[in-house]
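**Student:** Quick one: this structure, given as C-alpha cells, is what I'll be asking you about.
The values are calculated or read from the model by the stated rules, or taken from the named source; none is laboratory data. Note that this is a predicted model, so its numbers are computed, not measured. Quick reminder, even Gly has a Cβ in these numbers, built from the backbone with ideal geometry, and neighbours come from all protein chains shown.
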There are 2 protein chains.
Amino acid sequence: MTTTASYSVTGMTCGHCVAAITEELTALPGVENVHVQLVPGAVSVVTVTSGAPLTDDVVREAVDEAGYEVTGRP
Amino acid sequence: MTTTASYSVTGMTCGHCVAAITEELTALPGVENVHVQLVPGAVSVVTVTSGAPLTDDVVREAVDEAGYEVTGRP
C-alpha cells in the first residue's frame, strides 16, 4: 500500500529547483514518486508517494538539503 | 590580451540558473571567466572574459542553449 502526502515548499523558482528537490526526495527510502507544482517565487506544492508513510522530519530535512523550506501542508 | 563583454540576460531566477549559464558559456572556445550578477525575475548581467572577442551570435546561442535570452547590453 502506498501513502501520498503533500507539503508546502518555499524558495523554488525554476525547473532546476524542481529537479533538485525531486532528486533529493526520490533518494529517500521507499519513495516511489515525487510531483512538484511549481509556483515561482511563492508557495509550491510537493507531493510525495511512498511505500510507507514518511515522517515530517525526514521530508523537512531532505527539502532543506535541496535548499528549500517546508512551511506546512497545502 | 583578454576581452571582457557584458550582456543583459532575462529568465534567470536562482543559483541553478547561474550554474547552467556559466557552464554553457565557459564551454565556448577561449572563454576564461564568466561572472553573473543575478537579478531574479528581472535583467541579470552576464560578463564574459575571453582570449579573443566573441561574436554576439555565439554568445546569444550559448545563452539560448542554457534556456535564457540575451536582450542587449547593460
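**Student:** Specify which of the listed residues (A:67, A:51, A:30) is under 29 Å from residue B:38 (Cα atoms) and among the small types (Gly, Ala, Ser).
**Tutor:** On the way: A:51 fails: under 29 Å from residue B:38 (Cα atoms); A:30 fails: under 29 Å from residue B:38 (Cα atoms).
Among A:67, A:51, A:30, only A:67 is under 29 Å from residue B:38 (Cα atoms) and among the small types (Gly, Ala, Ser).
**Student:** Step by step: first the residues of segment B:1-18, then only those that are among the hydrophobic types (A, V, I, L, M, F, W, C) and touching a helix residue (DSSP H, G or I) at 6+ places or on another chain (Cβ under 8 Å), then the one that is farthest from residue A:17 (Cα to Cα). Which residue is that?
**Tutor:** The first filter runs over segment B:1-18 and keeps only residues among the hydrophobic types (A, V, I, L, M, F, W, C), leaving B:1, B:5, B:9, B:12, B:14, B:17-18.
Within this subset, residues satisfying the condition of being touching a helix residue (DSSP H, G or I) at 6+ places or on another chain (Cβ under 8 Å) are B:5, B:9, B:12, B:14, B:17.
On the way: B:5: 29, B:9: 19, B:12: 12, B:14: 8, B:17: 9 Å.
Selected residue: B:5.
**Student:** Looking at segment B:29-48, which of its residues are more than 15 Å from residue B:8 (Cα to Cα) and not aliphatic (A, V, I, L, M)?
**Tutor:** Going through segment B:29-48, the residues more than 15 Å from residue B:8 (Cα to Cα) turn out to be B:29-33.
The answer is B:29, B:30, B:32, B:33.
**Student:** May I ask you to say which residue of A:19, A:42 is among the aliphatic types (A, V, I, L, M), within 15 Å of residue A:66 (Cα to Cα) and surrounded by fewer than 16 Cβ atoms within 10 Å (Cβ to Cβ)? Break it down stepwise before answering.
**Tutor:** Working: A:42 fails: within 15 Å of residue A:66 (Cα to Cα).
None of the other options fit; the residue is A:19.
**Student:** Quick check on residue B:62: is it within 14 Å of another protein chain (Cβ to nearest Cβ), assigned to a helix (DSSP H, G or I) and surrounded by 15 or more Cβ atoms within 10 Å (Cβ to Cβ)? Steps first, please.
**Tutor:** On the way: within 14 Å of another protein chain (Cβ to nearest Cβ): no; assigned to a helix (DSSP H, G or I): yes; surrounded by 15 or more Cβ atoms within 10 Å (Cβ to Cβ): yes.
In short, no.
**Student:** What's the number of the only condition in (1) touching a helix residue (DSSP H, G or I) at 6+ places or on another chain (Cβ under 7 Å); (2) more than 14 Å from every other protein chain (Cβ to nearest Cβ) that residue A:38 fails to meet?
**Tutor:** Unmet condition: (2).
**Student:** Out of all the residues in segment A:1-47, which are among the acidic types (Asp, Glu) and either modelled with pLDDT under 95 or under 11 Å from the mean Cα position of the chain (by Cα) (or both)? Before you say what the answer is, go through the steps one by one.
**Tutor:** Start the filter on segment A:1-47 by keeping residues that are among the acidic types (Asp, Glu), which leaves A:23-24, A:32.
Within segment A:1-47, A:23, A:24 qualify.
**Student:** May I pose another question? Taking the conditions exactly as written (in contact with a Leu (Cβ under 8 Å, 6 or more places away or on another chain) and hydroxyl-bearing (Ser, Thr, Tyr)), does residue B:71 satisfy them or not? Write out each step before concluding.
**Tutor:** Working: in contact with a Leu (Cβ under 8 Å, 6 or more places away or on another chain): no; hydroxyl-bearing (Ser, Thr, Tyr): yes.
So residue B:71 does not fit the description; no.
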